[in-house]
Amino acid sequence: MTGPQGGRQLHINVNILNAGVFGGSWRVPENHPLSAYTLKHYVDIAKKAEAAKLDAVFLADGPVIEKDLEYRPGNSFEPSVLLARIAAQTSLIGLIGTFSSSYNDASELASRLAALDTVSGGRFGWNVVTTAGAAAAANFGRDGEPEHASRYVRASEVTASVVSAWAGAAESGALPASPQGRPVVVQAGASKAGIRLAGEHAEVIFTAAQTLDEALAFRRDIDAAAATFGRRPEEIAILPGLSTVIGSTEAEAKERRRLLAELVPLPYAIGRLSSQLGFDLKHVDLDAPVRREGLPEPEAATGSQTFYRMVLGIIDRDNPTYRQLLHALGGGAGHRIVVGTPEQIADDIEHWYRSGAADGFNVMPDALPSGFDQFVDHVVPELQRRGLFRTEYQGTTLREHLNLPVQATVRRELPVLAGAGPSQGAA
Amino acid sequence: MTTAPRLIVEFPGAPAPDAEAARTVVAAARAAAAVATARSVPLLLPETADGGGPGLDPSVLAGILAADLIAPHTSGTVRRPAGAPPRLIVAASSSRNAPYNLARRIQSLNRITCGQVGLFLRADGLDPVTSAAPSSPPTIADSHARLLAEYVEVLRRLWVSFPEEALVGDRDTGRFADPRSLVPASFAGEVYSVAGALNVPLPSAHRTLLLTDAVAAGPAVSVDGVIGPDSGGQEDAAAPNYLTVTWIPAGGGAPAGTSPEEVVVTGTVDAAARVLREASAGHVLLRVRAAASQLATLLEALFEALPAQHESRDFQAHVK
């Protein structure tokens with residue numbers, strides 16, 4: 001995607017990550033602690049996102065109950081029925097839902113998601129994920145999680161099959177024809193296999209880049225991967241996750257950030273970092289520096305390599321203590337956190353956008369719904385004032401909001417991930 | 001215990017080849033659901049379109065229709081009186097849905113609608129996700145009966161696996177939920193193996209209405225009713241069988257055919273009402289062979305000609 005010079009504008013989704021991105025988000029005084037388990041939470045945020053002319057709401061998901069439920073809310077409502085319910089009360093906002101390629105059947109998924117796309121008037125996007133973890137595997141008759149590489153092989157096959165069914169819907173008559181050509185394919189994951197999958201299929205890419213350099217390098221990787229598959233890199237929108245902590249003054253924002261760090265239930269933060277680093281932190285001195293030696297390289301990690309890379313990046317860059325690292329992560333999803341006034345946050349967004357590091361952002365407010373209210377009421381108008389963000393929708397479908405063409409060809413050949421080359425072996 | 005509704009109306013699965021057709025189908029379903037809901041008669045949303053062609057996935061359609069049932073600020077807590085029928089019944093096949101995924105969609109719809117959604121499960125084989133598991137069983141001789149029995153057991157366990165009471169939300173102590181209140185499915189059968197709890201809570205007092213097709217229903221299967229070619233319209237205290245009444249309004253007027261499990265009636269509202277009155281001691285699934293867009297009008301006329309069911313009046317008194 002070209003920058004603002006090309007007449008295009010920023011794309012902004014709101015990631016309704018239950019109560020907010022931080023582990024202690026649900027404890028902020030202004031929101032109800034159980035809000036994320038109510039329908040109203042999601043419908044209200046979607047309506048507000050539509051009023052602010054955002055591109056889409058985004059729902060993360062996995063077919064498993066979170067092991068940290070004692071300390072923080074998890075994703076709950078199944079996204080296809082929740083987005084259908086939201087579609088009934090909105091008319092323009094895009095609806096992006098996460099559906100596992102590991103534990104859904106391609107034919108059933110293609111048909112259910114095509115229905116959602118059609119009844120919503122072409123507003124649906126599928127965030128393709130692979131599902132890690134033994135707990136999810138055990139809900140589907142598996143003894144253990146599939147290894148990283150095989151998850152991505154299956155993801156490629158399932159995505160190709162679903163997209164092919166959508167692309168052929170008008171001709172085959174087997175599925176409703178999409179009002180937007182076909183639903184938008186969204187993908188996250190910055191492992192080697194993830195980048196290859198993105199290059200093959202993704203139209204929108206959700207990333208966890210922490211620095212501008214990382215983001216620019218990621219874009220180069222994506223461009224190369226897309227070119228490998230004969231796709232045009234400029235037809236892919238890269239939207240990094242952005243956790244926002246907003247105050248009316250810088251001091252207020254910093255105080256808010258401190259409060260959010262304080263609210264993270266410590267057993268939760270320690271448990272989460274332990275699993276990311278691969279050893280139990282219960283018995284380490286939290287004020288000692290993180291020991292970098294002995295930590296596995298990302299390719300050897302079995303869970304989310306994207307977030308593990310990000311954690312390693314912070315360790316390498318800042319040499320933090322364990323407590324500082326816990327604070328930096330905030331018990332959150334590991335996306336970049338910006339703290340400041342609406343103007344400062346708009347500055348950051350504009351800088352990344354004009355640098356070519358991002359086509360927009362998947363915004364993850366610090367606490368929901370209050371943090372999104374602040375974003376919509378103060379940051380969006382600032383971006384509009386700068387001419388960076390739309391003040392009216394120009395179209396009615398998600399694809400139109402994202403300014404993405406329907407790519408002309410769907411590869412008929414089987415996916416090429418398996419045995420694609422030596423670089424894939426360790427992914 | 002959920003009481004099986006005496007009468008269920010099936011929405012004619014209409015093809016939705018494009019967005020405009022889909023809008024027409026949704027409008028027809030909303031109108032029919034409004035008429036049926038006023039009479040406390042559940043509307044069954046089928047999986048496929050009559051005569052083939054692309055239908056709308058019934059769980060997605062239920063998600064859309066849910067907006068008419070319950071306002072968002074009241075959802076999340078089941079207020080339905082015990083024994084009252086759900087307002088929508090979603091049809092789904094075992095061959096297309098791993099049990100965890102289906103259980104979760106229905107549970108989510110129930111959380112969205114305060115418990116107004118039931119499930120009609122067709123046991124027609126193993127889904128591809130389950131069959132791709134390394135430990136997937138070889139085909140066994142009584143596979144359908146076994147599969148249905150296990151599928152139902154998994155659903156029942158999953159639907160009570162996350163009692164809403166487990167949500168604590170104590171800001172002061174930082175304790176969000178009580179994991180000891182979860183009741184993981186922990187199911188390991190010959191066909192299915194499902195470990196976990198669902199991640200969608202419902203009050204533990206709620207029981208989701210579950211109907212199955214007749215082919216494989218057995219005495220050990222804890223279902224609320226049976227719909228299918230083998231049901232035969234016979235009453236069974238544990239799981240009543242539904243008699244299918246097919247009404248063809250545009251037909252010539254005489255009964256077109258009768259068999260133990262299905263009655264076909266053609267012609268006027270009065271003819272259909274007469275058949276339904278005669279069958280009123282039992283449980284009936286009404287199929288109307290007409291355009292989806294006509295269903296609401298036809299149902300209104302039909303209900304005018306029928307006495308209200310006792311359960312309907314009880315239910316309506318409650319919701320007022």
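The values are calculated or read from the model by the stated rules, or taken from the named source; none is laboratory data. Owing to the predicted nature of the structure, the values given are computational and were not obtained by experimental measurement. Note: ideal-geometry Cβ built from the backbone for every residue, glycine included; neighbour counts use all protein chains shown. The area values use the complete protein model at the heavy-atom level, side chains included, leaving out ligands, DNA and RNA. Shrake-Rupley method; radii C 1.70, N 1.55, O 1.52, S 1.80 Å.
Within the stretch B:143-171, how many residues are assigned to a helix (DSSP H, G or I), closer than 28 Å to A:SER35 by Cβ and over 21 Å from the mean Cα position of the chain (by Cα)? Residues meeting the conditions: 3. The set of residues in the stretch B:276-302 being more than 13 Å from B:ALA31 (Cβ to Cβ), open to solvent by 30 Å² or more (accessible area, probe 1.4 Å) and assigned to a helix (DSSP H, G or I) consists of B:ARG277, B:GLU278, B:ALA301. Could you go through the stretch A:62-80 and let me know if any residue there is open to solvent by 10 Å² or more (accessible area, probe 1.4 Å), among the aliphatic types (A, V, I, L, M), facing chain B (nearest Cβ under 7 Å) and in a loop (DSSP other than H, G, I, E, B). Yes, because at least one residue in the stretch A:62-80 is open to solvent by 10 Å² or more (accessible area, probe 1.4 Å), among the aliphatic types (A, V, I, L, M), facing chain B (nearest Cβ under 7 Å) and in a loop (DSSP other than H, G, I, E, B). Would you pick out the residues in the stretch A:350-407 that are assigned to a strand (DSSP E or B) and either surrounded by fewer than 21 Cβ atoms within 10 Å (Cβ to Cβ) or at positive phi (or both)? Hit for the stretch A:350-407 is A:GLY360, nothing else. Name the residue that is surrounded by the fewest Cβ atoms within 10 Å (Cβ to Cβ), counting only residues in the stretch A:248-270 that are outside any loop (DSSP other than H, G, I, E, B) and of a type in the set (Gly, Ala, Ser). So the residue we want is A:ALA251. Residues of the stretch A:126-147 that are buried (at least 23 other Cβ atoms within 10 Å of the Cβ) and assigned to a helix (DSSP H, G or I): A:ASN139, A:PHE140. Looking across the stretch B:191-220, just one residue is open to solvent by 10 Å² or more (accessible area, probe 1.4 Å), modelled with pLDDT of 95 or more and in a loop (DSSP other than H, G, I, E, B), and that is B:ALA195. Total residues in the stretch A:124-153 satisfying the condition of being within 11 Å of chain B (Cβ to nearest Cβ) and either within 30 Å of B:ARG30 (Cβ to Cβ) or not polar (S, T, N, Q) (or both): the figure is 13.
Looking at the stretch A:154-202, which of the residues that are among the acidic types (Asp, Glu) and within 12 Å of another protein chain (Cβ to nearest Cβ) is least open to solvent (accessible area, probe 1.4 Å)? Per the criteria, the residue is A:GLU157.
Pairing residues of the stretch B:10-36 that are under 14 Å from B:LEU65 (Cβ atoms) and away from chain A (no Cβ under 13 Å) with residues that are open to solvent by 10 Å² or more (accessible area, probe 1.4 Å) and among the acidic types (Asp, Glu), at Cβ distances under 7 Å and at least 6 apart in sequence or on separate chains, gives B:ALA34/B:ASP68; B:VAL35/B:GLU300. With respect to (1) facing another protein chain (nearest Cβ under 7 Å); (2) of a type in the set (D, E, K, R); (3) under 16 Å from the mean Cα position of the chain (by Cα), the lone exception for B:ARG122 is condition (1).
The residues of the stretch A:272-291 that are of a type in the set (Gly, Ala, Ser), open to solvent by 40 Å² or more (accessible area, probe 1.4 Å) and either farther than 21 Å from A:ARG309 by Cα or assigned to a helix (DSSP H, G or I) (or both) amount to a single one, A:SER275.
Looking at the structure I just gave you, is A:THR118 within 8 Å of chain B (Cβ to nearest Cβ), among the β-branched types (Val, Ile, Thr) and open to solvent by less than 10 Å² (accessible area, probe 1.4 Å)? In short, yes. Residues that are under 8 Å from A:TYR322 (Cα atoms) and among the aliphatic types (A, V, I, L, M) were ranked within the stretch A:276-291; the one that is farthest from the chain's Cα centre (by Cα) is A:ALA288.
Could you count how many residues in the stretch B:163-180 are at the interface with chain A (Cβ under 7 Å from one of its Cβ atoms) and either at positive phi or open to solvent by less than 20 Å² (accessible area, probe 1.4 Å) (or both)?
Total satisfying the criteria: 4.
Considering the stretch B:117-132, the residues that are at pLDDT 95 or above and more than 17 Å from A:SER102 (Cα to Cα) include one that is most open to solvent (accessible area, probe 1.4 Å), namely B:PHE120. What are the residues in the stretch A:86-115 that are open to solvent by 20 Å² or more (accessible area, probe 1.4 Å), without any contact (Cβ under 8 Å) to a residue 12 or more places away in the chain and closer than 20 Å to A:SER156 by Cβ, if any? Across the stretch A:86-115, the qualifying residue is only A:ASP105. Filtered by the rule that a residue be acidic (Asp, Glu) and free of Cβ contacts under 8 Å to residues at least 24 places away in the same chain, the stretch A:364-399 gives a lone residue, A:ASP377. Among the residues of the stretch A:50-61, those that are buried (at least 24 other Cβ atoms within 10 Å of the Cβ) and of a type outside the set (D, E, K, R) comprise A:LEU54, A:ALA56, A:VAL57, A:PHE58, A:LEU59.
The set of residues in the stretch B:96-116 that are outside any helix (DSSP H, G or I) and more than 9 Å from chain A (Cβ to nearest Cβ) comprises B:CYS114, B:GLY115, B:GLN116. For the stretch A:87-105, which positions are facing chain B (nearest Cβ under 8 Å) and more than 22 Å from A:LEU39 (Cβ to Cβ)? Those that are facing chain B (nearest Cβ under 8 Å) and more than 22 Å from A:LEU39 (Cβ to Cβ): A:TYR103, A:ASN104, A:ASP105. Evaluate the following for A:ASN31: is it more than 9 Å from every other protein chain (Cβ to nearest Cβ), within 18 Å of the chain's Cα centre (by Cα) and not small (Gly, Ala, Ser)? So A:ASN31 fails the test.
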